[in-house]
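Visitor: This is the structure I want to talk about, given as structure tokens.
The values are calculated or read from the model by the stated rules, or taken from the named source; none is laboratory data. Owing to the predicted nature of the structure, the values given are computational and were not obtained by experimental measurement. Positions of Cβ are backbone-derived with ideal geometry, glycine not excepted, and every protein chain shown enters the neighbour counts. The protein model used for the area step is the full one, side chains on, heavy atoms only, and it has no ligands, DNA or RNA in it. Shrake-Rupley method; radii C 1.70, N 1.55, O 1.52, S 1.80 Å.
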Amino acid sequence: MIAVTGATGNVGRSLVQVLTAAGEKVSATSRGITAADVPGGVPHQRADLTRPESLRPVFEGAEALFLQSGGAAAYLLSPGDILDVAKAGGVRRVVLLSSQGVATRPRSASHGATARAIEDAVRQSGMEWTILRPGGFNSNAYAWAESVRTRREIAAPFAGIGLPTVDPDDIAEVAAVTLREDAHAGQIYELTGPVLTTPRERAESLAEALGEPVRFIEQTVEEARAQMLRFMPEPVVETTLSILGEPTAAERRISPDIQGVLGRAPRTFAEWAQRHIAAFR
């Protein structure tokens, strides 16, 4: 059995579907999971990564674990405790969803340092491990969904600066392979999309998928900061703005790792937009 944490997230939800479609037994968990969030018949349990003991029923009888370490909860994680509970339940392999920021922003508490501490705990756990380090997600475009639906409008800073954002479904497929196959133990995979795309280009892809014009408004840094501060802590906002406006060469690098694991190229943002356009109508 494979235990999947973060099973209602952009990656975890897709991963549960990929694994069950492949005939794997899955135990799914998140803080607010319900039967509607998983395919029929998949066992699911509400649990909280910040309370490792709540995960015991999820891990019992599992041989492999998908551990999602992202989000605000990462600041509160006790990764060693989580891994101890996992080992006690029978888990021998862990695949960690980490962050590209471990390598590109190692001094940033919000993007690198916290994720590095979790990675270190995984490497020292005594279990087989694989670490996935994605860059920005295509699904971050959901932040534009309300303005596209109501005004056919997108506002974003740094209109002409490109990054190789990645499809969460590609991350899920890589996770599924590494959870099921022995050959990936001890590997760290950087996961990106196949090309650099700018915010303006991503807006154009959404407009094409809609079949209607979408107006793009380039925000100033101050406007973007004020908007982000409504729902993100200030350190996260500042690092995010730095990545979006002044990405390092490593953050703009297109990684070959999805191709290497899956034997096919990563999906483009335009393909993601076509599949998820219902959220923007």
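Visitor: For every helix of n ≥ 4 consecutive DSSP H residues, a contribution of -39,500 (n - 2.57) applies; sum these over the chain, divide by its total residues, and give [θ] at 222 nm rounded to the nearest 500 deg cm²/dmol.
Guide: Result for the chain: -11000 deg cm²/dmol, rounded to the nearest 500.
Visitor: What do you get for the angle between helix 10-21 and the principal long axis of the chain? Use alpha-carbon atoms, 0 to 90 degrees, nearest ten.
Guide: Roughly 50 degrees between the two axes.
Visitor: Taking the Cα centre as origin and putting +1 on Lys and Arg beta-carbons and -1 on Asp and Glu beta-carbons, what dipole magnitude results for the range 1-72, to the nearest 20 debye?
Guide: Its charge dipole is roughly 140 debye.
Visitor: For the range 164-239, which chymotrypsin sites (Phe, Trp or Tyr not before Pro) pass both filters: DSSP loop (anything but H, G, I, E, B) and at most 14 other C-beta atoms within 10 Å?
Guide: Listed in order of number, the matching sites are 231.
Visitor: The range 209-280: which trypsin sites (Lys or Arg not before Pro) are DSSP loop and have at most 12 other beta-carbon atoms within 10 angstrom?
Guide: Listed in order of number, the matching sites are 230, 264.
Visitor: Just subtract the alpha-carbon distance of residue 264 and residue 212 from 0.36 nm times their residue separation and send over the number in nm, one decimal.
Guide: So the extension gain works out to 15.6 nm.
Visitor: Within the accessible area of the chain, what % is carbon and sulfur when the probe is 1.4 Å and the other protein chains stay in place?
Guide: Carbon and sulfur: 50 percent of the exposed surface of the chain.
Visitor: How large is Rg/Rh for the chain, to two decimals, with Cα atoms and a Kirkwood Rh?
Guide: Answer for the chain: 0.96.
Visitor: Here's something else I'd like to know. Using Cα-only point scatterers and the Debye equation, what is log10 of I(q)/I(0) for the range 188-281 at each q in 0.13, 0.20 Å⁻¹, rounded to two decimals?
Guide: Values, matching the q order: -0.62, -1.18.
Visitor: Further question: Looking at the chain only, what percent of DSSP beta bridges run antiparallel? Nearest 5 please.
Guide: That works out to approximately 5 percent antiparallel.
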